[in-house]
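For reference, the structure discussed in these notes is given below.
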Amino acid sequence: MLPLCGLALGCSKGDAVPAYADVQAFTMTTASAQGAATIKVTDAWVTLDDELIGVWELPARIPLLGEGSRKLALEPAIKRNGTFDDRLRYPFYTAWSGTVQLQRGATVVVQPATAYTAETAVWNEGFEDPFSQFQMADDSDTALIRFTPAMNPDVNFLGDSPCAGFRLDAEHPFARVQTDEDFESYGGPAFLEIDHQGDATITVGLLYFAGGQQRYEPYIYLPPTQRADGTLAWNKVYVDLSGFFNSNVSERDLFISAQLPTGRSSAQVYFDNIKLLRIEP
């Protein structure tokens, strides 16, 4: 892929022939309390010998000037709130760095890996336990359903673990679940990660008290993930909640809801690996 921006690309310097780094997609590992290692790193800030050479969409074949043993570093970046033109170095992922042997005209393969930083605090709901940390809201027409691979083989799971979701119809057109955590503010960045799929829009919102009143505020809408052939695909989104967690409100919580689309007799949405990430105080 072409760079999103480049600061010092080899092809512009006379007749110099670059070496190339074939940078693959990032992989990830997590500790047991951090939930599943799902990831959607779309870009990387690339430095060679501590000099920034550009921002690249991954995977990428990156031209590099120089020969011999060099230090290559990649900082993983994501699309904030799923927006194409808002790409952010993710503050909760570690950077990758390594030594590469460069030879003009030759290509080295780079397989970067990341993990959550040591300072990252993770609240995680992966629906492994039958007792969910989400509760049915008073205005919901139906409850949250937990889908296991053994009992629901028709659901396309991430791997072989359970997920959760809603199945809506004319008698159950609206569903909403919410946490009851009263999340505190740590200051600094706060992001919600969520894997989702479905043929209806999912609303992720904020629940809080302000001025002595409880408020529900929709924050982001996750569109349907149907392919052209009608099958459903999983998607991952990183939702920036930093403003909410640094605002002057109390009893912060999250909700997830879905509404049966107009003119439809049924709809289905699924979600998994919901994580609230903040920096440990």
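Here 224, 261 are screened, and the one residue that is at pLDDT 95 or above and farther than 27 Å from residue 90 by Cβ is 261. Every condition in (1) hydroxyl-bearing (Ser, Thr, Tyr); (2) open to solvent by 40 Å² or more (accessible area, probe 1.4 Å); (3) over 19 Å from the mean Cα position of the chain (by Cα) holds for residue 179 except the one numbered (2).
Can you go through 137, 150 and tell me which one is surrounded by 12 or more Cβ atoms within 10 Å (Cβ to Cβ) and of a type in the set (Gly, Ala, Ser)? Show your work before the answer.
Numbers: 150 fails: surrounded by 12 or more Cβ atoms within 10 Å (Cβ to Cβ).
The unique qualifying residue is 137.
Could you look through the range 222-263, keep only residues that are among the hydrophobic types (A, V, I, L, M, F, W, C) and over 29 Å from residue 212 (Cβ atoms), and pick out the one that is surrounded by the fewest Cβ atoms within 10 Å (Cβ to Cβ)?
Filtering first and then ranking leaves 228.
Yes or no: the range 19-38 includes at least one residue that is modelled with pLDDT under 95 and among the hydroxyl-bearing types (Ser, Thr, Tyr). Yes, the conditions are met somewhere in the range 19-38.
State yes or no: is residue 192 part of a loop (DSSP other than H, G, I, E, B), within 18 Å of the chain's Cα centre (by Cα) and not aromatic (Phe, Trp, Tyr)? No.
Restricting attention to the range 158-174, and to residues there that are under 20 Å from the mean Cα position of the chain (by Cα) and crowded, with 20+ Cβ neighbours inside 10 Å, which single residue is farthest from residue 142 (Cα to Cα)? It would help to see each step written out before you state the result.
Kept after step one, since they are under 20 Å from the mean Cα position of the chain (by Cα), are these residues of the range 158-174: 158-165.
Filter once more, so that each one left must be crowded, with 20+ Cβ neighbours inside 10 Å: 162-165.
Working: 162: 19, 163: 17, 164: 13, 165: 11 Å.
Within the range 158-174, the match that is farthest from residue 142 (Cα to Cα) is 162.
In the range 187-202, the qualifying residues are those that are at pLDDT 95 or above and open to solvent by 20 Å² or more (accessible area, probe 1.4 Å), and the one that is farthest from residue 258 (Cα to Cα) is 189.
The values are calculated or read from the model by the stated rules, or taken from the named source; none is laboratory data. This is a predicted model, so every value here is computed, not measured. All Cβ positions, glycine included, derive from the backbone under ideal geometry; neighbour counts span all protein chains shown. Quick note on the areas: whole protein, heavy atoms, side chains included, nothing else; ligands and nucleic acids left out. Shrake-Rupley method; radii C 1.70, N 1.55, O 1.52, S 1.80 Å.
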